[in-house]
Amino acid sequence: MTANPDLEEQARKLFSGPVEFLKSAPDLKFLPDDGQAPEIAFAGRSNVGKSSLLNALTNRKALARTSNTPGRTQELNFFDVANPARLRLVDMPGYGFAEAPKDIVKRWRRLVNDYLRGRAALKRVLVLIDSRHGLKDVDREVMEMLDDAAVSYHLVLTKADKLKPSALGRVYEEVAAEAARHPAAHPAIFTTSSETGSGIAALRTAILEAATL
Ligand code: GDP
């Protein structure tokens, strides 16, 4: 992707300004009004590093709380970036935890599907994939949900610091080849580490770009 220094600087400034928790929506009726600000949503298997990535993007230590307890985080959390909000980050509940009771999986699907379909403000979803594990079937299911809902998404490889560059390169190629077969997958795939900060500035820029489409 061509770097755009202006946009990168704008994104850096935007994310170093105020970021505020707006609300949690355990159900569609609690969603903030559609269309107030462009929304970028984050999805990924539990433990993929979603909270850490949200914190790294916003330079916060504890914006997004980590919770790996299945069933505790069945809600969409909205965060306003800038005041008044220029964009809204949406933390979607983690999926794919082992031994999730069926009704929780069903609830997750309903909540996420209802949100994805017909949300005018939703500009892009970031689907987080643990670099060490690559794509799993649960990730593929989510990608298909997004394809069906025609919501554009980026795949984001997390925890890149855990792999050697050669191994990371192989995972990237595999993931990119598979993404190319999904109609709503954006060709730009990001590689990030919340630990070292690598890829974070590029992802901020992509978020701002998607929000201003
Ligand atoms: P979530 O369940 O998706 O919100 O995942 P968390 O952000 O809570 O991260 C799960 C675990 O992975 C925690 O132990 C984090 O410290 C660790 N982790 C998250 N991101 C990174 C990263 O970029 N590098 C490394 N080495 N560990 C990470």
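The values are calculated or read from the model by the stated rules, or taken from the named source; none is laboratory data. Keep in mind that what you see is a predicted model, and the values were worked out from it rather than measured. A quick note on method: Cβ atoms are made from the backbone with ideal geometry, for glycine too, and the neighbour counts reach across all protein chains shown.
Which of the residues belonging to the range 147-157 are part of a loop (DSSP other than H, G, I, E, B) and of a type in the set (Ser, Thr, Tyr)? Step through it out loud before you land on a result.
Restricting attention to the range 147-157, the residues satisfying the condition of being part of a loop (DSSP other than H, G, I, E, B) are 150-152.
Hit for the range 147-157 is SER152, nothing else.
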Q) What is the one condition in (1) in contact with an Asp or Glu (Cβ under 9 Å, 6 or more places away or on another chain); (2) among the basic types (Lys, Arg); (3) farther than 21 Å from GLU75 by Cα that ARG181 does not satisfy? A) (1)
Q.
under 30 Å from GLY118 (Cα atoms) and at pLDDT 95 or above: which single residue out of ALA176, ALA160 fits that description?
A. ALA176
Q | Number of positions in the range 83-115 that are surrounded by 20 or more Cβ atoms within 10 Å (Cβ to Cβ) and not in a helix (DSSP H, G or I) | A | 10
Q: Give the range 158-188 a look and list any residue that's part of a loop (DSSP other than H, G, I, E, B), within 16 Å of the ligand (Cβ to nearest atom) and either closer than 22 Å to ASP137 by Cβ or in contact with a helix residue (DSSP H, G or I) (Cβ under 8 Å, 6 or more places away or on another chain) (or both), or say none.
A: LYS159, LEU163
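Mind telling me which of the residues ASP80, ASP137 ends up being more than 12 Å from the chain's Cα centre (by Cα) and more than 19 Å from ALA11 (Cα to Cα)?
Just a single option satisfies the conditions, and that option is ASP137.
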Q. Applying the selection to the range 24-57, what residues are on the phi > 0 side of the Ramachandran plot and not small (Gly, Ala, Ser)?
A. ASN47
Q) Just checking, how many residues over the range 123-171 are crowded, with 21+ Cβ neighbours inside 10 Å, of a type in the set (A, V, I, L, M, F, W, C) and touching a residue at least 60 places away in the same chain (Cβ under 8 Å)? A) 7
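Taking the range 189-208 as the region of interest, how many residues are outside any loop (DSSP other than H, G, I, E, B), small (Gly, Ala, Ser) and surrounded by 19 or more Cβ atoms within 10 Å (Cβ to Cβ)? Reasoning before the result, please.
Kept after step one, since they are outside any loop (DSSP other than H, G, I, E, B), are these residues of the range 189-208: 190-191, 200-208.
Next, from what is left, pick out any that are small (Gly, Ala, Ser): 201-202, 206.
Keeping just the survivors that are surrounded by 19 or more Cβ atoms within 10 Å (Cβ to Cβ) gives 206.
Residues that pass the stated criteria total 1.
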Q: Could you please tell me which pairs satisfy a Cβ distance under 8 Å, a separation of 6+ or placement on different chains, a first residue in the range 36-48 that is closer than 14 Å to ASP91 by Cβ and aromatic (Phe, Trp, Tyr), and a second residue that is more than 10 Å from the ligand (Cβ to nearest atom) and in a loop (DSSP other than H, G, I, E, B)?
A: PHE42/MET92
Q: Would you check which residues across the range 39-82 are within 8 Å of the ligand (Cβ to nearest atom), modelled with pLDDT of 95 or more and in a loop (DSSP other than H, G, I, E, B) and list them?
A: VAL48, GLY49
Q) Within the set of pairs 6+ apart or on separate chains, which have a first residue in the range 193-211 that is in contact (Cβ under 8 Å) with a residue 12 or more places away in the chain, a second that is among the aromatic types (Phe, Trp, Tyr), and C-beta atoms under 7 Å apart? A) GLY199/PHE190; ALA202/PHE190; LEU203/PHE190; ARG204/PHE15; ALA206/PHE190
